[in-house]
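Below is one structure, written out as structure tokens, with a few remarks after it.
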Amino acid sequence: MPSPSRSNPTNHRASSRRGISLLECVVAVVIVSGAIASAAMSIQQGIQAQEDALRISQASSAAESALTELMVRDYDALAPGVTTSDVGQMTDPFTGNELPADYSRFGRRVLVADDSIAIPGYAGLAMEGKMLTVSVFDRIPGNEREIIELRRFRPKSIEENIDG
């Protein structure tokens with residue numbers, strides 16, 4: 001008795017169509033490669049976003065610590081001017097110690113300026129004080145980038161007005 005595959009031509013075509021053609025294999029490889037490349041790009045973008053968030057958080061911390069120290073300092077000790085700590089040279093404003101290594105990629109600029117702010121609703125009435133501006137920056141070769149800038153007004157208190 002002849003085998004069914006030899007006697008039935010329809011069955012022979014069905015058995016030859018069971019395999020994957022080279023073209024189908026190439027298309028599948030291209031699709032899978034594209035999916036893997038897309039996933040890798042998404043992961044890389046997620047890592048970059050996380051690093052940016054950490055950098056901004058650390059810069060904010062460095063700026064806020066300097067601003068806090070300036071706000072509690074004696075008013076008369078706040079001389080107008082600009083002070084810059086270059087990248088890798090920042091210190092803790094309270095202790096003078098170097099900041100942890102994570103902060104070594106930042107620099108900080110502090111600007112103290114005499115200022116006055118008008119009191120809303122009271123024509124001609126203004127409060128004397130100092131405008132404190134703290135900027136934290138990093139430096140990529142040939143380019144300084146400001147990451148964050150914080151500004152606060154430090155009014156001259158009543159006690160300081162009486163004493164001074």
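Table for the structure above
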read-out: Odd one out for residue 154, checked against (1) under 19 Å from the mean Cα position of the chain (by Cα); (2) assigned to a strand (DSSP E or B); value: (1)
read-out: Residue list for the stretch 61-93, filter: closer than 25 Å to residue 159 by Cα and in contact with a helix residue (DSSP H, G or I) (Cβ under 9 Å, 6 or more places away or on another chain); value: 74, 75, 76, 78, 93
read-out: Extreme residue, modelled with the highest pLDDT, among residues of the stretch 93-111 that are of a type outside the set (Gly, Ala, Ser), over 23 Å from residue 51 (Cα atoms) and not in a strand (DSSP E or B); value: 97
read-out: Considering residues of the stretch 94-135 that are among the β-branched types (Val, Ile, Thr) and under 21 Å from residue 153 (Cβ atoms) only, the residue surrounded by the most Cβ atoms within 10 Å (Cβ to Cβ); value: 134
read-out: Number of the exception - residue 157 against (1) closer than 17 Å to residue 66 by Cα; (2) among the small types (Gly, Ala, Ser); (3) surrounded by 11 or more Cβ atoms within 10 Å (Cβ to Cβ); value: (1)
read-out: Where residue 92 falls short, out of the listed (1) farther than 23 Å from residue 57 by Cβ; (2) touching a Ser or Thr at 6+ places or on another chain (Cβ under 8 Å); (3) of a type in the set (Asp, Glu); value: (1)
read-out: Counted residues, the stretch 116-129 - those being free of Cβ contacts under 8 Å to residues at least 24 places away in the same chain and charged (D, E, K, R); value: 0
read-out: Residue in the stretch 130-145 that is over 19 Å from residue 55 (Cβ atoms), out of contact with any Lys or Arg (no Cβ under 6 Å at 6 or more places or on another chain) and either touching a residue at least 24 places away in the same chain (Cβ under 8 Å) or outside any loop (DSSP other than H, G, I, E, B) (or both) present; value: yes
read-out: The stretch 62-93, subset surrounded by fewer than 16 Cβ atoms within 10 Å (Cβ to Cβ) and of a type in the set (Ser, Thr, Tyr), residue nearest to residue 129 (Cα to Cα); value: 68
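The values are calculated or read from the model by the stated rules, or taken from the named source; none is laboratory data. Every value quoted in this text rests on a predicted model; they were computed, and no experiment measured them. Virtual Cβ from ideal backbone geometry, glycine too; neighbours counted across all protein chains shown.
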